[in-house]
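One structure is given below, encoded as structure tokens.
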Amino acid sequence: MESWLSPLYGAEGIRAVDRWAIEEQGVPESELMEAAGTALAEAVAELAPQGPVRIVCGKGNNGGDGLVAARRLGGMGFEVEALELFSDQLPEDFDAWIAGAGAVVDAIFGTGFSGTPREPATMAIDAINRCGVPVVACDIASGVDASTGEVAEVAVEADLTVSFHAAKIGHRIAPGKWHTGELRVAPIGIPAGAPGDAAAGTIEPAVLALAPRRGARSTKFSSGQVVVAGGSRGLTGAVRMSSLAAIRAGAGYATVAVPADLESIFELAQPEVMSIGCPGGDGCLAPASLKAVLRAFEPAAAGVLGPGMGRDPGSVELARDAVAAIEAPLVIDADGLNAFAGEVERLADRDAPTILTPHTGELGRLLGRPSAQIGAQRLASAREAARGTGAIVVLKGDDTIVTDGDRVAVNAISAPALATAGTGDVLSGIAAALLARGLDPFAAACAAVIAHARSGREAAARIGIAESVIASDVIESIPAGMAPGASVE
């Protein structure tokens, strides 16, 4: 795994770690359980619950951790009651049993869970979710698949999750992320050097240090040339934001290839960016624009295709022809992606590196399935698209996923300020700049994602409220977001 990724484990990987610690390092399983239960109890105690603690225990190690936590909390002076869910002690009225609790601990399922919960677990999960008091999950919220983040039907909505040894994929990828609450990772005595392979990683700011810096001999051309093709009547802002973001992210030179009858808008609005008017369409790029678009990309070190392009049939045809012919590394975004709706396999014909930056709806159109299905299976969908196209897929969201089909990286920096129009165009410009500066596509995509998230957080801090941030604010914050040593998390 890349040094700038922090490991995220799936169910099999963490099982391998446990086996290694117990069977090869001689750590007693009881010691691991004691440490896990103690960490869980300490987290509950920090909440200072005003009332008794109710602990719902399932089978296996997760339930065992819950029982240890019950004993530890009792020793701290808390009133505590543990219920073994899969036993004959199940109360007739589960809500009444929880009523009056100061906190509830979910120790029903562990990281080995997958599929759909069954009774009595579903009943218990529903009751926990309506209890109205702080809920602490043991290792992972019950009902969440630790390896994918998927939730089949119901899952505990935890306020705090105490994960043991390392974070799991299901903590970071939605919908599992939304059931995790605050995540704490507690060491439980597993020795360093465990061989279990992490299935994914969270992106760390260290990836930003990979981008080459300008030196005394640098020129605007050697610093990376980016071309952005797109724009249509009523959608000129997307190209402007993408190209300006590319310059802010370190590209030495940026050019926009836009409809000829709209070129004056770009000339007036953005003096830092060159423009090329592409003839052939009425306020949009069209098949007749292809030669001009391809000429614009000839000197490019990397480019972006799609921002503000629109869905006119002629623009769709232009996008398909241009993607096939452009020889530079390319970020495809927005309507550049929509041009391949239901025909995602056509993107596999490209020889040059390609980064796709869809949101859930765009990926749904690419794969020909409802966006709700993409949202429920984010990791699997992103991997499918990457394997089918040979591209790096950046599935946008608060849990943005970057994958080449095998490697998986996840953004763990929450940035609600990015939930506004135009910020996707900013991301595509940052990614193209990093490609143009020489990063390999996977690293460029990961660096762009974390720089984008950090820029969003910096913009919110500067403006004072996330809801007032607009895309241009994020562009202004790119210098802080790109700085490896800056503390904007």
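One table, with the values for the structure above:
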quantity: Using a Förster distance of 41 Å, the FRET efficiency for residue 483-residue 59 (Cβ separation, nearest 0.05); calculated: 0.25
quantity: Estimated dipole of the chain in Debye, rounded to 20 [Cβ of Lys and Arg +1, of Asp and Glu -1, Cα centre]; calculated: 1660
quantity: Antiparallel bridges, percent of DSSP beta bridges restricted to the chain (to nearest 5); calculated: 20
quantity: Inverse mean reciprocal Cα-Cα distance (Kirkwood Rh) of segment 205-482, Å; calculated: 18.1
quantity: DSSP bridge orientation in segment 5-201 - percent antiparallel, rounded to nearest 5; calculated: 10
quantity: Extension gain from residue 130 to residue 461, taking 0.36 nm per residue of separation minus the Cα-Cα distance; calculated: 115.8 nm
quantity: The chain - mean residue ellipticity at 222 nm from DSSP helices (-39,500 (n - 2.57) per run, n ≥ 4, rounded to 500); calculated: -11000 deg cm²/dmol
quantity: Answer label, with P(r) over Cα pairs in 20 Å bins from 0, in percent calculated from the coordinates and candidates (1) 21, 49, 27, 4; (2) 24, 47, 24, 5; (3) 22, 58, 20, 0; calculated: (2)
quantity: Label point distance in nm, residue 19-residue 96, each placed 7 Å from Cα along Cα→Cβ; calculated: 4.6
quantity: Qualifying aspartates and glutamates (Cα of each under 12 Å from Cα of residue 291; at least 8 residues distant if same chain); calculated: 321
quantity: Calculated SAXS-style log₁₀ I(q)/I(0) at q = 0.17, 0.19 Å⁻¹ - segment 5-201, Debye, Cα scatterers; calculated: -1.07, -1.32
quantity: Straight-distance crosslink candidates among lysines, where the alpha carbon sits under 25 Å from residue 396 and sequence neighbours closer than 8 are dropped; calculated: 168, 177
quantity: FRET efficiency estimate (nearest 0.05) - Cβ-Cβ, residue 476 to residue 86, R0 35 angstrom; calculated: 0.05
quantity: Set of aspartates and glutamates near residue 59 by C-alpha distance (under 17 Å), chain-local residues within fewer than 8 positions excluded; calculated: 29, 34, 81, 84, 88, 106, 119, 139, 145
quantity: Highest-first arrangement of 205-218, 328-341, where packing means the average Cβ count within 10 Å; calculated: 328-341, 205-218
quantity: Bridge type composition, segment 205-482 - antiparallel percent by DSSP, nearest 5; calculated: 25
quantity: Packing rank of 92-103, 22-33, 282-293, 297-308, where each peptide gets the mean count of other beta carbons within 10 Å, highest leading; calculated: 297-308, 282-293, 92-103, 22-33
quantity: Residue-wise HN-Hα coupling along segment 103-118, computed from phi with Karplus coefficients 6.51, -1.76, 1.60 (Hz; x: Gly, Pro); calculated: 7, 10, 10, 8, 10, 7, 10, x, 6, x, 6, 8, x, 10, x, 10
quantity: Pairwise label distance in nanometres, residue 282 with residue 261, each label 7 Å out on the Cα-Cβ vector; calculated: 0.7
quantity: Kirkwood Rh, angstrom, segment 240-290 [1 / mean 1/r, Cα pairs]; calculated: 11.3
quantity: Highest to lowest packing among 350-357, 41-48, 55-62, scored as the average C-beta count within 10 Å; calculated: 55-62, 350-357, 41-48
quantity: ³J(HN,Hα), Karplus 6.51/-1.76/1.60, whole Hz, each residue of segment 293-306, x for Gly, Pro; calculated: 5, 5, 5, 4, 7, 4, x, 6, 7, 6, x, 10, 10, x
quantity: About the Cα centre, charge dipole magnitude for segment 205-482 (Lys/Arg +1, Asp/Glu -1 at Cβ), debye; calculated: 660
quantity: Simple label model, 7 Å out from Cα along Cβ direction - residue 351 to residue 152, nm; calculated: 4.8
quantity: Additional length obtainable on full extension of the chain from residue 343 to residue 221, 0.36 nm per residue less Cα span; calculated: 40.4 nm
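Each reported figure results from applying straightforward, stated rules to the coordinates on display, with no laboratory input. Just so we're clear, the structure is a prediction, and the values are computed from it rather than from any experiment. Ideal geometry is used to build each Cβ from the backbone, glycine not excepted, and the neighbour counts take in all protein chains shown.
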